[in-house]
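Structure, as structure tokens:
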Amino acid sequence: MKGERLDRLLARLGLGSRKEVARLVRRGGVRVLGQVVRDPGFHVPEGASLEVEGRPLEVRRHLHVLLHKPRGFVTSRTEGPSVYALLQGFPTRALSPVGRLDKDAEGLLLFTTDGLLLHRLTHPRHKVEKRYLVHLERPVEPRDQEAFLEGLILDGKRTLPAELHPLEDPTWAEVVLKEGRFHQVKRMFQARGNRVLYLKRLALGPLELGDLPLGEARPLTEAEEGALYRAVGLRP
């Protein structure tokens, strides 16, 4: 059986668009099994070693990209401005978002080519934690924390227990959910008579936003990928 096309493989691994990696290959910047390959359509044997501009390239089955989404972008391919416009250099056709962030929200947005991983990260059965920073119209009260832990009725169904931790300024808080319903954070506070003024996702399971600059994207490290798969009972 033929392996994967070299240009497609390199694009999938986040080295650029198909055109960009084709130029890289033609100028002799890629070695397969120690030999320079200048044909972008060369089929790479499964398990073959690759070097790009003298450095070994780790070949993974799937690509996972972490984006620090800014406000004003929508998690959509058909509407705009789209978060996909921020994924320059990545094979956007193959990447699907793990959940969504509202247009006026910012923070961690993960994309993956692995449909099974995506399903497990978003299905409430696996209870993958999502941590948010919120700024509220009025301070958090102790009864709000109790209500989040008990669960609130949205669309006729009670939410899973959620954590609500007010910060030093109680109009700021962190929220931890184990599901991802439509506009859930905003609607939970709305049910408590409060309004979210600012929303930022800080973490998804073991994956942290960290110091990734606003509007920038990067592939996950091998360690991050492994932790993410383990969190939902899968192997990378």
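The values are calculated or read from the model by the stated rules, or taken from the named source; none is laboratory data. None of the values given here were measured: they were computed from a predicted structure. For neighbour counting, all protein chains shown are included, and Cβ atoms are generated from backbone atoms with ideal geometry for every residue, glycine included.
Which one of these is more than 18 Å from the chain's Cα centre (by Cα), surrounded by 14 or more Cβ atoms within 10 Å (Cβ to Cβ) and not aromatic (F, W, Y): L9, L33?
Residue meeting the stated conditions: L9.
Can you name the condition, by its number, that A22 falls short on among (1) on the phi < 0 side of the Ramachandran plot; (2) surrounded by fewer than 16 Cβ atoms within 10 Å (Cβ to Cβ); (3) not β-branched (V, I, T)?
(2)
Quick check, is R201 within 18 Å of the chain's Cα centre (by Cα), assigned to a strand (DSSP E or B) and surrounded by 15 or more Cβ atoms within 10 Å (Cβ to Cβ)?
On the way: within 18 Å of the chain's Cα centre (by Cα): yes; assigned to a strand (DSSP E or B): yes; surrounded by 15 or more Cβ atoms within 10 Å (Cβ to Cβ): yes.
It is true that R201 is within 18 Å of the chain's Cα centre (by Cα), assigned to a strand (DSSP E or B) and surrounded by 15 or more Cβ atoms within 10 Å (Cβ to Cβ).
Yes/no per residue for (1) touching a strand residue (DSSP E or B) at 6+ places or on another chain (Cβ under 6 Å); (2) of a type in the set (D, E); (3) under 30 Å from H64 (Cα atoms):
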| position | (1), (2), (3) |
| --- | --- |
| H126 | no, no, yes |
| L177 | yes, no, yes |
| A191 | no, no, no |
| L209 | yes, no, yes |
| G226 | no, no, yes |
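Name the residue, out of G99, G151, G156, G107, that is within 23 Å of E216 (Cα to Cα), surrounded by fewer than 21 Cβ atoms within 10 Å (Cβ to Cβ), of a type in the set (G, A, S) and not assigned by TED's automatic domain parsing to the domain that holds L15.
Working: G151 fails: within 23 Å of E216 (Cα to Cα); G156 fails: within 23 Å of E216 (Cα to Cα); G107 fails: surrounded by fewer than 21 Cβ atoms within 10 Å (Cβ to Cβ).
Exactly one of G99, G151, G156, G107 is within 23 Å of E216 (Cα to Cα), surrounded by fewer than 21 Cβ atoms within 10 Å (Cβ to Cβ), of a type in the set (G, A, S) and not assigned by TED's automatic domain parsing to the domain that holds L15, namely G99.
Of all the residues that make up the range 179-204, how many are modelled with pLDDT of 95 or more and within 21 Å of V98 (Cβ to Cβ)?
The total comes to 11.
If you scan the range 83-96, which residues turn out to be surrounded by 14 or more Cβ atoms within 10 Å (Cβ to Cβ) and more than 26 Å from V175 (Cβ to Cβ)?
Y84, L87, G89, F90, P91, T92, A94, L95 - these are the residues of the range 83-96 that are surrounded by 14 or more Cβ atoms within 10 Å (Cβ to Cβ) and more than 26 Å from V175 (Cβ to Cβ).
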